[in-house]
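*Asks:* Mind having a look at this structure? Questions to follow.
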Amino acid sequence: MYETETNIKTASLSEIPLEVGDAFRGLNGKILSRTLISWGEHCTECGWPTCYSTCELYAPREDLKCRRFVDGMVRVDCDGSVNGYLLKVSFKRWGKLWARGNFRLFSPTDAARIERRDYRIGTTLQRLPLPEGVKRNAALKRYAFKKRLASRGIDHRPSPMSFLLECYNPSSDAVRLSVTIRTLYRERPVPFPNLVQLAPGFRSARELKESKIPFQSLIEVPPGFHRARIPFDEISPVIDARAPFAIDITPNEAPEGVTLYFGAMDFVTELEPRTRKTKKIKCVIWDLDNTIWDGILVEDGVDNLRLRPGVVELIRALDQRGILHSVASKNSHDDAMRAIKGFGLEDYFLHPQISWQPKSEGVKAIAKALNIGMDTFLFVDDSEFERQEVQIACPGVKVLDAVRYQELPEMEECNVPVTAESASRRKLYQVETSRQVVAEKFGDDYLSFLRHCKIKLKISRLTEESLERVHELATRTNQMNFSGNRYGRDVLRKIIAMPYLDTFVLACEDVFGSYGVVGFSIVDRREPRMTDLMFSCRVQSKRVEHAFLSFIISKYSSESEKDFLASYRKTGKNAPSGQVFMDLCMQEIGNTDVVLLLTFPRSQKPPDDGIVSIEVVDNAPISD
């Protein structure tokens, strides 16, 4: 919440980069409860009321209080953020954010309802055809009522986890913010039962006073988006959780007019990180004996084996969802493959590992051949010993007792949409196997092999027809997702409609066949900046990402007078693939805990090895 004046100002979310808006939405659905703090503008050197006549910095606003923010508190609607909006604040000299509050926690639904009601009242007061003096008095009474509510203490309740601060700093310099919290206390026992009694250890005073011992913390906000948490365990030894408090946020030695965008500024409880996301399965690895079939091959022989009920239908259903299958079994390779072929399952199992080696070795070999992360595999086996051996040797691999195999289609980890791309995923991997056979003939001359492949990259614009595949790509890609964003379908539709965003859908093919849609990118023309770049691991190390990046750098360098920028959220998984930025001679110019900002000087020409050819489809955002 914020202190609403008689003149409510708003601004557009288009003022901030797309990835920053997405970052403000990053906690959507993850906040369990939060406080409601009514923030207002204040002065670090306040000497009210005499300062109104003696201070040369006094600048009256509509309610005659001192204007310490250039344009007041400007509301920027941001659906999906913690509050549903941001506050844009341009600090004047001595300006600070200040509020009274208490530690009462509200559910996100109740908090949103209260804030919508408060905003409706404020806008209604603004629009009523009343004299300014009447509006000003109404606003003052309203704010006084909000301040009285904030000055109430609470009975013992569950404590928040932390004070959460979200901030976007659009400048090129870091801003240091001091957060100061003080307990408020009263003179005598309060005559109303819903007001707090004297906090233990405090002497009496005639009205609400701030304790002399504050809690203080310094938060450094680097350029870009920043999210900081102050654990409540650090605050509670100093601040009485039953009493109301005063809190302020003050920029330290910041230049006059420094502008910051604030999202959440409340005490919150959140979901624990481990409960936030269910990792999707990309490949199921099956044991054979008493798992795929009833019986033991070396004891019963091929002719006496029987498939388990529904297992073929289950494998086919998951295959249509784009979930791959393989085998890790201790068995005679030739006999096992003869049985698999006899049951009509040979085409479904990619890179089967059948030997007398530990099954974990087979799992590692499959992961290497498919080039997907260990944490996207599910291993199904009837033996507790084998499941434990794989889980210990292959951290991240999920395991499932074979008696539960029929649960697979209903598991959240396997709940992915069926698309034309997903239904053909196995065949794409089988074509890749053919490529590898040819690649071996070229020995160490890998670049010659790539030229032999005659790789072609087709570039088109995101449309409703390609939206489902791009959504699938954005939710599944890890190793080559350089922004880390996970776009829902509704967000992708909004991106299509944004006139200043160029979208690129990337499809790839070579002499062996089609890879399908393998990549997606977004460029904000206003900077210009590439905010998103993601590729399927199927084209990793094939120079496709190099060709595309070189292409768009050349395009925007020729169209803009500014250097081309790229946002890169570096992780342990995408760091090896992130070498592409260095290969293209991009330089690091900024670094936060969220994104790494890279640039390519428009005065230079990006390198191009000519391995991948590019075809621009008619609807692509490419000018002639």
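*Asks:* Within the range 223-330, report the trypsin sites (Lys or Arg not before Pro) that DSSP leaves as loop and that have at most 14 other Cβ atoms within 10 Å.
*Replies:* Arg276, Lys277, Lys279
*Asks:* Here is a further query. Lys and Arg at +1, Asp and Glu at -1: add these up for the other residues within a Cβ distance under 12 Å of Thr463 and post the number. The partial results should precede the final answer.
*Replies:* On the way: positive: Arg461, Arg469, Arg493; negative: Glu464, Glu465, Glu468, Asp618.
Combined, the nearby Lys, Arg, Asp and Glu give -1.
*Asks:* Based on other C-beta atoms within 10 Å, arrange Phe91, Phe449, Phe442 from fewest to most. Don't skip to the end; give the middle numbers.
*Replies:* Values: Phe91 22, Phe449 18, Phe442 14.
Least to most surrounded, the residues fall as Phe442, Phe449, Phe91.
*Asks:* Which of Ser550, Ser355, Ser14 comes first, and how do the rest follow, when ranked by fewest Cβ neighbours within 10 Å? Kindly include the intermediate steps, with their values, before the conclusion.
*Replies:* Details: Ser550 22, Ser355 16, Ser14 13.
Starting with the residue having the fewest Cβ neighbours, the order is Ser14, Ser355, Ser550.
*Asks:* Using 7 Å Cα-to-Cβ label points, what is the Thr571/Asp490 separation (nm, one decimal)?
*Replies:* Taking the two extended label points, one gets 2.3 nm.
*Asks:* Filter the GluC sites (Glu not before Pro) in the range 539-569 to those in DSSP coil with at most 14 other Cβ atoms within 10 Å of their Cβ, and list the result. Provide the component values of the computation, followed by the final result.
*Replies:* Details: sites: Glu545, Glu559, Glu561; in loops: Glu561.
Passing both the DSSP loop test and the Cβ count: Glu561.
*Asks:* Now a separate question. Of Lys30/Lys555; Lys368/Lys458; Lys30/Lys92; Lys364/Lys441; Lys330/Lys368, which ones are farther than 30 Å apart at the Cα? Write out the running numbers ahead of the final one.
*Replies:* Numbers: Lys30/Lys555 39 Å; Lys368/Lys458 28 Å; Lys30/Lys92 34 Å; Lys364/Lys441 24 Å; Lys330/Lys368 19 Å.
Table pairs above 30 Å Cα-Cα are Lys30/Lys555; Lys30/Lys92.
*Asks:* Filter Lys279/Lys573; Lys9/Lys96; Lys280/Lys573; Lys280/Lys456; Lys454/Lys573; Lys359/Lys427 down to the pairs with a C-alpha to C-alpha distance above 20 Å, please. Don't skip to the answer; put the middle values down first.
*Replies:* On the way: Lys279/Lys573 14 Å; Lys9/Lys96 18 Å; Lys280/Lys573 16 Å; Lys280/Lys456 30 Å; Lys454/Lys573 29 Å; Lys359/Lys427 25 Å.
Lys280/Lys456; Lys454/Lys573; Lys359/Lys427, as the Cα separations exceed 20 Å there.
*Asks:* Let me ask something additional. Relative contact order (percent) for the range 283-416, with alpha-carbon contacts under 8 angstrom and 6 or more residues of separation? Write down the numbers at each step before the final one.
*Replies:* On the way: 215 pairs, mean separation 35.8, N = 134.
Reported as a whole number, the value is 27 percent.
*Asks:* While we're here: Compute the FRET efficiency between Asp583 and Asp300 as 1/(1 + (r/R0)^6), taking r as their Cβ-Cβ distance and R0 = 45 Å, and round to the nearest 0.05.
*Replies:* Efficiency computed from Cβ-Cβ geometry: 0.25.
Read-outs throughout are calculated quantities, based only on the coordinates presented, and are distinct from any laboratory measurement. A quick note: this is a predicted structure, and the numbers were derived from the prediction, not measured. Cβ: placed from backbone, ideal geometry, glycine included. Neighbour counts: every protein chain shown.
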